[in-house]
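Take a look at the structure set out below.
Since every read-out is calculated from the coordinates, none of them should be taken as a lab result. Remember, it's a predicted structure, so these values are computed and weren't measured experimentally. Cβ sites come from the backbone with ideal geometry, for glycine too, and all protein chains shown count toward neighbours.
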Amino acid sequence: MITQARFPAASRLLHWMMAPMIVAMLFIGVGMAASVSARYDLLVSIHRPLGVAIFVLCVVRIVNRFINPPPELPDTLPFLQRFAAKASHIVLYALMLIMPLVGWGMLSAARYPIVLYGPLRLPPILPHDLTLYAWLRDLHTILAYLLFATFLAHFGAALFHGLIRRDGVFGSMASWR
Amino acid sequence: MIPAKKIERNRNNPNGRKSTWNMKPFWFRAALVTSPGALVRLGAIGAVMLSVAGAFAFAGGWLSPSRLTQDRMMAAFRDANGTHAGFRRNHAKGVCVTGWFESSGQAVELSKAAVFKPGRVPVVGRFALAGGMPFQTDAPATVRSMALRLLPPGGEEWRTGMNNIPVFPVNSAHGFYEQLVAFTPDPATGKPDPARMKAFLAAHPETVHALALIKKRQVTSGFANSTFNSLNAFRFVDAAGAPTLVRWSTVPVQSVAADSAEPSAAGDKNYLFDDLIAQIAQHPQQWRLIVTIGHADDPTNDATLPWPEGRRQIDAGTVTIDQASSEDSGRCTAVNYDPLVLPSGIEPSDDPLLSARSAVYARSFTLRAGEEHEKRPSAVTAQEVQAGGRP
């Protein structure tokens, strides 16, 4: 077995905490945008606070990345794969950070109350403006599809490292010890 | 398989990356995936990814064309009413109003919502006619609606949309969709297909029952003396967390006069709106917010069923409307009167229509927001309002 340095424990914890949240968020989002059933209200009431939680965790994660840098990728990784790995991580971080802000912004522009739980609400961050809302609402969808595509590529690449290359990259994040 | 020895060598080389650069394959080694085992594993990865993408597509409704989605509901509105860029898909013809709600304090025992504490809160409202035609001619029998946005300090606002009918004609999103489709005029005849309407009513006895009650309602002379009902049930929650089943209505303080059914306003396509504008200009118009308290076994998940007479009612306060404005400049235009925008202290009941309304209103709102730049002036123009409701 090739020894590949593992991610620091804090990084692994953050990754595995956020992974199910983000995947759930994508499925909730695409599901509620299509639904007219009784589930719609439930999905919306999860989507908003979950988005805020992801945003907060993402900020923590970026700080953590500077404190606990990730291990180097193996030298054997070809240039294009190395580039794809770096680029996709930048896209993932950017979207994790931007998606909740676009969501918050679009709800602000529409003057929907941004209910977290019970009486807890976030204040609006943008002026009440229909055109601005429409633009941000479209952007939210486009970025969601991009995030899903990037997540899928990330997931596929992880499995590729784990099952085909077997270069220790998969285990550097997926290990519980 | 990557020869582990080679990796070790690369690792140990202080200039590892540079010196091995030209030794590395540009993409991945073809040899990696030529072994049968690796091919199976690669296939498995592909299958897993495809499943995840498929699950996502399923959640988004793309794999089930017969599922009733927000898009299908919007398509049904478009087929029924045509395309009217920038207008609400339903209750398209309306005017904006403003005023205030003065709470009596009587609802405090049932709900902890700040809006019920004694005092005044600003209101941004909208009166409208049901239907997706923004330029339809006012007619007595057309369902009238009053939508209110109550804005207590602290940001916990309350939005409600009410109609001047005692019950709703359908009790589910599917029922609403099927009714919309069944009553859509046939392009060939310009009239709804009687066979389709009959088939719909045969499949929906609750609608037959509800339509009979709706037909029996007293149609008044205008918006100002109409009673508007929440139709859906909600739950008030008090400071101790105890829930109470409620429906609410706004009952006019103005004296009720039956619709004269005379073409007194002949020629004025907007006579209902113009009357309202003239009445508001003359004197603020008022409604009492009456909360009806349901019994535990009263139907809460079926808006076609009325609650029995004699239920306890409380007068929660008075809505006063003292200003009207055209939708073209009014403060209600950029507001989605989503019935699930509720303060803590008011919660949805188990009525599936509430979630459906919230979802459909949201999609309608998004569509019209994107069409804002191509919206034509509303039927009731700013000049008409300024002229005190004279066309």
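Taking the Cα centre of each part, how many Å lie between the stretch A:129-165 and the stretch B:193-209?
Cα centres, the stretch A:129-165 to the stretch B:193-209: 45 Å.
Would you mind computing, in nm to one decimal, how far apart the modelled labels at A:His128 and B:Val181 are, each placed 7 Å from Cα along Cα→Cβ?
3.8 nm
Return the FRET efficiency for the residue pair A:His15, B:Leu201: r is the Cβ-Cβ distance, R0 is 60 Å, and the value is rounded to the nearest 0.05.
0.60
Normalise the Cα radius of gyration of the protein assembly as shown by 2.2 N^0.38 Å (N = residues in it) and let me know the number.
The protein assembly as shown yields a ratio of 1.20.
Give the angle, between 0 and 90 degrees and rounded to the nearest 10, that separates the Cα long axis of helix A:79-110 from the longest principal axis of the Cα atoms of chain A.
Compared with the principal axis, the helix lies near 10 degrees.
With N residues in chain B, what two-decimal value do you get for its Cα radius of gyration over 2.2 N^0.38 Å?
So chain B has a normalised radius of gyration of 1.35.
Is it possible to state the helix-based mean residue ellipticity at 222 nm for chain B, with each DSSP H run of 4+ residues giving -39500 (n - 2.57), the sum divided by total residues, to the nearest 500 deg cm²/dmol? What is it?
Values: 10 runs with 118 residues, N = 391.
One gets -9500 deg cm²/dmol as the mean residue ellipticity at 222 nm.
If we count every other residue with Cβ under 11 angstrom of B:Glu157's Cβ, Lys/Arg +1 and Asp/Glu -1, where does the sum land?
+2
Alpha carbon centre of the stretch B:343-380 versus the stretch A:19-66: separation in Å?
With the stretch B:343-380 and the stretch A:19-66 each reduced to a Cα centre, they are spaced 22 Å.
Mean Kyte-Doolittle hydropathy of 0.0 or higher plus an axial Cα length of 24 Å or more: which whole DSSP H helices in chain B meet both?
B:36-59, B:352-370
Efficiency by 1/(1 + (r/R0)^6): what FRET value for A:Tyr117 and B:Val219, r their Cβ-Cβ distance, R0 = 41 Å, to the nearest 0.05?
Numbers: r = 43 Å, r/R0 = 1.05.
For R0 = 41 Å, the calculated efficiency reads 0.40.
Round to a whole angstrom and tell me the spacing of the C-alpha centers of the stretch B:294-339 and the stretch A:70-121.
40 Å
Determine, from the Cβ-Cβ distance of B:Asp193 and A:Ile142 and an R0 of 35 Å, the FRET efficiency 1/(1 + (r/R0)^6), rounded to the nearest 0.05.
Result of the calculation: an efficiency of 0.30.
Would you look at the GNM of chain B, springs on alpha carbons closer than 10 Å, and say which of B:Glu347, B:Glu206, B:Glu309 moves the most?
B:Glu309
Express the C-alpha Rg of chain A as a ratio against the empirical globular expectation 2.2 N^0.38 Å, rounded to two decimals.
1.16
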